[in-house]
Each structure stands twice: as structure tokens, then as C-alpha cells.
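Asks: Before anything else, here's the structure in question.
The values are calculated or read from the model by the stated rules, or taken from the named source; none is laboratory data. Every value quoted in this text rests on a predicted model; they were computed, and no experiment measured them. Every residue, glycine as well, gets a Cβ built from its backbone with ideal geometry; the counts of neighbours run over all protein chains shown. For the accessible areas, the whole protein counts, side chains as well, though only heavy atoms, and no ligand, DNA or RNA atoms are used. Shrake-Rupley method; radii C 1.70, N 1.55, O 1.52, S 1.80 Å.
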Amino acid sequence: MNTLSNILLEKTPKYEITIPSTKKKTTFRPFLVKEEKILLIAQETGSYKEILQAIEDVIESCVDGIENASSLPVFDVEYLFLRLRAKSVSEVATPTIQCPVTNENIELQINLTDIEPSSDKNHKKNIKIDDDIMVIMKYPTLKMMKNNENDTSYDNPESFYGLIVDCIDTIKTKEESIDVSSLPKSEVEDFIGNMNKFQFEKILDFFITSPQLKHAVKYTASDGVEREVVLQGLSDFLE
């Protein structure tokens with residue numbers, strides 16, 4: 001005999017989705033009242049870490065085959081959550097921006113199903129910083145973002161450098177291949193600190209060209225001029 005909850009779940013639709021980083025297909029269901037409650041409670045706290053945890057919990061509950069969302073690259077998490085939100089609430093989001101010229105608030109309309117991770121043909125994870133040393137990178141994950149509670153942008157050097165350390169996977173020389181996870185974090189920090197400007201810029205380029213959720217939107221302010229704004233990341237897309 002089915003329980004009441006199973007009767008409802010059997011009626012819940014499923015949708016196909018492709019995980020951007022692996023190109024693997026899976027299915028997901030819209031989030032339900034119990035998952036929406038988790039998100040609302042996290043939003044009320046205003047805690048960055050709790051909001052990320054809530055997103056992780058919802059993805060694990062709603063997307064088939066994902067048991068550890070914290071290990072997913074951030075662009076996977078953002079993409080999956082936008083698709084979940086589109087099928088659970090509405091495909092149209094209406095975030096508000098401030099026009100930098102007129103300073104007025106402008107409400108945009110965005111179809112969330114149009115948002116795809118950007119791709120850069122020059123992006124690469126294997127970075128040759130000189131003739132003898134190859135650095136193999138890995139994408140920032142949700143777990144890394146939770147561990148770096150502070151802003152990890154260029155404006156916050158301490159957190160951003162911490163993220164760079166976390167994203168170095170392997171260092172290869174002509175003699176050996178070094179699994180960075182086996183090293184003290186301080187040793188990896190020293191390795192980065194001893195890079196010259198050009199070597200470090202090659203590492204930065206990995207982050208600059210990594211897949212990201214970006215979407216250009218045109219709007220017209222009260223002065224009649226059409227302008228364009230580029231939205232990036234979950235907070236930009238959701239009102």
C-alpha cells in the first residue's frame with residue numbers, strides 16, 4: 001500500500017537534464033514544499049554558508065544520481081539550481097538592476113531556460129607554466145565555496161588565493177607527478193608565491209575562462225537609451 005507521500009511523488013513530473021561538466025544526462029523533479037521551506041529558512045538567516053548548504057540539499061533531493069552535490073563544480077550547481085527553480089516556480093525571473101547612468105531601478109525579464117554555462121575555446125585545465133612544469137587544475141566546487149565563506153573575488157585577495165590553492169590538483173615535472181592533496185597547504189601556498197607574474201597570470205586565466213553562468217540582457221532606461229547588462233551567478237538571475 002502506498003503512503004500518502006508516495007502517492008504525491010508518483011504524480012510529480014520528471015525532466016531530463018545534462019550535467020555541464022560531464023555531459024552526462026540525468027533527470028530531476030521540481031522541488032516540493034519541504035525543499036522550498038529549506039531554501040526560505042536559509043534565506044531568512046542571511047548566512048552565505050547556510051544558503052549554499054540549502055542549495056546543496058535541494059539538488060541532492062531533486063536530481064537523480066547526485067548524492068554529493070558539494071563535490072560538483074560551482075557552474076554545475078548554479079545551472080542545476082536555475083533549472084530546478086524554472087520548473088518549480090517559473091521559467092521567467094524578474095531581477096532588478098540599477099542603471100549606472102540614470103541610477104533608476106530597472107526590472108528585467110529573463111527566461112531561465114535560456115541560461116547556459118559560457119564556454120571559452122581557449123580554456124584549459126592543464127597549464128604549462130614553463131618548459132619543465134605543468135600545473136593541472138580542478139574547478140572550484142561547492143565545498144570549496146563553503147569553506148571559503150568570504151568573498152572569493154579579486155577584491156578579496158586572501159580568500160581568492162585560498163581558492164587558487166584548493167584548485168591545484170596535480171603538479172607535474174619531468175621527474176615526477178605530485179598529487180597536491182598529499183602536501184601541506186602551506187607548501188602549495190609557497191609554490192604559488194614563488195611564481196613570477198607571467199606564470200601566475202596563466203593560472204588566473206584558468207579561472208577567467210572557466211565555464212560560468214553569464215547572460216547579456218538589453219534594457220531601456222527613462223532616458224530612452226538602450227543599454228546592456230551582463231548577469232553572472234545565481235544572485236544576479238534570481239529576484
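Asks: If Asp166 passes every condition in (1) open to solvent by 30 Å² or more (accessible area, probe 1.4 Å); (2) over 30 Å from Thr96 (Cα atoms); (3) in contact (Cβ under 8 Å) with a residue 40 or more places away in the chain but one, which one does it miss?
Replies: (3)
Asks: If you take the residues of the range 33-91 that are touching a strand residue (DSSP E or B) at 6+ places or on another chain (Cβ under 8 Å) and among the polar types (S, T, N, Q), which of them is most open to solvent (accessible area, probe 1.4 Å)?
Replies: Among those residues, the one meeting the criterion is Ser71.
Asks: I would also like to ask the following. Would you check which residues across the range 190-234 are surrounded by fewer than 11 Cβ atoms within 10 Å (Cβ to Cβ) and within 20 Å of Asn103 (Cα to Cα) and list them?
Replies: Ala216, Lys218, Ser222, Asp223, Gly224, Glu226, Glu228, Val230
Asks: Something else: Say whether the condition of being open to solvent by 70 Å² or more (accessible area, probe 1.4 Å), among the small types (Gly, Ala, Ser) and at pLDDT below 90 is met by at least one residue in the range 146-156. Even if it seems obvious, please write down each step before you answer.
Replies: So in the range 146-156, the residues open to solvent by 70 Å² or more (accessible area, probe 1.4 Å) come out as 147, 149-151, 154-155.
Retained after the next criterion (residues that are among the small types (Gly, Ala, Ser)): none.
For the range 146-156, residues open to solvent by 70 Å² or more (accessible area, probe 1.4 Å), among the small types (Gly, Ala, Ser) and at pLDDT below 90: absent.
Asks: Give the residues of the range 67-98 that are farther than 18 Å from Pro13 by Cβ and without any contact (Cβ under 8 Å) to a residue 60 or more places away in the chain, sorted by residue number.
Replies: The answer is Glu67, Asn68, Asp76, Val92, Gln98.
Asks: Look through the range 33-60, keep the residues that are within 18 Å of the chain's Cα centre (by Cα) and of a type in the set (Asp, Glu), and return whichever of them is nearest to Phe81 (Cα to Cα).
Replies: Looking at the filtered set, the residue picked out is Glu56.
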